Amino acid sequence: MVLSVLAFLFFLRVLGQALVAFAGVTVLPPMAEWYSGLLPYPLLLPAQIAILTVQTWIFLQGARGQGVLVTPRPRLGRILIVLSVVYFAAMVVRYAITMSWYPERRWLGTGTIPIVFHWVLATYLFTLGRHHARSAAA
């Protein structure tokens, strides 16, 4: 259930950014707030779609109760937990550096949407890792 909520939040982020980029939706924050510029959007969008595809695949396997991505793998669980903690911490550092360099962006200003959704993805990986680590121990 937690994985589904996190995947849905990420889907809303991808949808929101696409609506701003391609449909000119003005009720959402402008593109500058959705997009950090680290990866060109023509490359970022397919990468986001690939992530959503993997998340959907994991959801479908979980719904069936079987599959390569839901079968308990303790080693995979430990790896995912470590990677997710490093990923989350890196985004905390990124947030701190960005906010110290650009104080006008503090809290939820320009550039925070990508960071927040990196936290969502890191939490997704952590939760998946816990599933693998905990399921194997049970």
Expected max-MSF residue from L12, L76, L43 in the GNM of the chain (alpha carbon, under 10 Å) is L43
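Using a simple charge model, +1 on the beta-carbon of Lys and Arg, -1 on the beta-carbon of Asp and Glu, nothing else, what dipole does the chain show about its Cα centre, in debye to the nearest 20?
Values: 10 positive and 2 negative charges, 108 e Å.
For the chain, the charge dipole is close to 520 debye.
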Between L12 and A89, the two model label points (7 Å from Cα along the beta-carbon direction) sit apart by a distance in nm of 3.0 nm
Treating every alpha carbon of the range 14-71 as one equal point scatterer without solvent, the Debye formula yields log10 I(q)/I(0) values at q = 0.28 Å⁻¹ of -1.07
Per the range 7-46, sqrt(5λ) over the Cα gyration tensor eigenvalues, sorted largest first, in Å, gives 15, 13, 9
Calculating Rg and Dmax of the Cα atoms in Å from this structure picks out, from (1) 13.5, 37; (2) 14.7, 52; (3) 16.5, 50, entry (3)
Ordering 4-11, 19-26 by per-residue average of other C-beta atoms within 10 angstrom, highest first, gives 4-11, 19-26
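All of the numbers you see were taken from the coordinates with simple rules; none came from a lab. Keep in mind that what you see is a predicted model, and the values were worked out from it rather than measured. Glycine also receives a Cβ, built like all others from the backbone with ideal geometry; neighbour counts cover every protein chain displayed.
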